[in-house]
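A quick write-up on the structure given underneath.
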Amino acid sequence: MKKLTIETAELLAQKKRDELGIGTDEPVNMKTVMRQLNIMAIYRPLSEKLFGLSLKSNKGEDKFILINSNSTRGRQHFTIAHELYHLFYDDNPKVHFCEIENNKEQSERSANMFASAFLMPRKGIISKISATEITQKEVTLETAIGLGQLFGVSHSTLLVRLKELNVITAQC
């Protein structure tokens, strides 16, 4: 898959959520998702620069994700969702290391967009924010913390998604 737009990432994420029977406004249990998709996962301490990695067999039936157990739970969720993109949608099926410095590669940016949309679907996020907050583009701290906890993501990941959805300004 070539350069991914946010719209395409959202469509792919929703398709995968539909396939797994996950509604648009409910959080994702990543361990359940990996079981449903028959992905072997191992949590191990890794360096602080490495979040995880994924690989699959040549025919694609065997899939594996390694997750850094030293990362926060929100970071782990994002890493797993990110690796799902590589396992199911990436054109170049090779071992993918999810590292801090990898955001320059197009496939890594695409995987990040997919992960964000998969964990925090547009409809689910918007439905949990008051009309006033959306209109004023000022989501309260209370709302933001609640969203992060509900969807199981880090604060920084949530802020990126809220900016992407245009419900907060860059100054927030």
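Every number in this text was worked out from the coordinates using simple rules, so none of it is lab data. Remember, it's a predicted structure, so these values are computed and weren't measured experimentally. Virtual Cβ from ideal backbone geometry, glycine too; neighbours counted across all protein chains shown.
Annotations
- Label positions at Leu20 and Asn58, each projected 7 Å from the Cα along the C-beta direction, are separated by 3.0 nm.
- Virtual spin-label span in nm between Thr72 and Ser127, 7 Å along Cα→Cβ: 2.6
- If the convex hull is drawn through the Cα atoms of the range 14-91, its volume per residue in Å³: 97
- Helical contribution to [θ] at 222 nm, DSSP H n ≥ 4, -39,500 (n - 2.57), averaged over the chain, rounded to 500: -15000 deg cm²/dmol
- A simple spin-label model places pseudo-atoms 7 Å from Cα toward Cβ; at Leu159 and Ile42 they are separated by 3.5 nm.
- For the residues Ala13, Ala144, Ala81, a GNM of the chain with alpha-carbon springs under 10 Å puts the largest fluctuation on Ala144.
- Dimensions (Å) - the range 121-172, Cα atoms, principal axes, largest first: 25, 21, 19
- Each listed q (0.12 Å⁻¹) maps to a log10 I(q)/I(0) for the chain from the Debye sum over equal C-alpha point scatterers, namely -0.52.
- Exposed-loop-free span, longest in the chain, where trypsin sites (Lys or Arg not before Pro) count as exposed if DSSP calls them loop and at most 16 other C-beta atoms lie within 10 Å: 4-48
- Taking a ≥ b ≥ c as the square roots of the eigenvalues of the alpha carbon gyration tensor, the range 1-44 is oblate, as a/c is not under 1.5 and a/b does not beat b/c.
- Residue-span extension gain [Thr135 to Thr32] - 0.36 nm each, minus C-alpha spacing: 33.5 nm
- Centroid-to-centroid separation of the range 75-89 and the range 1-54 [C-alpha atoms, Å]: 4
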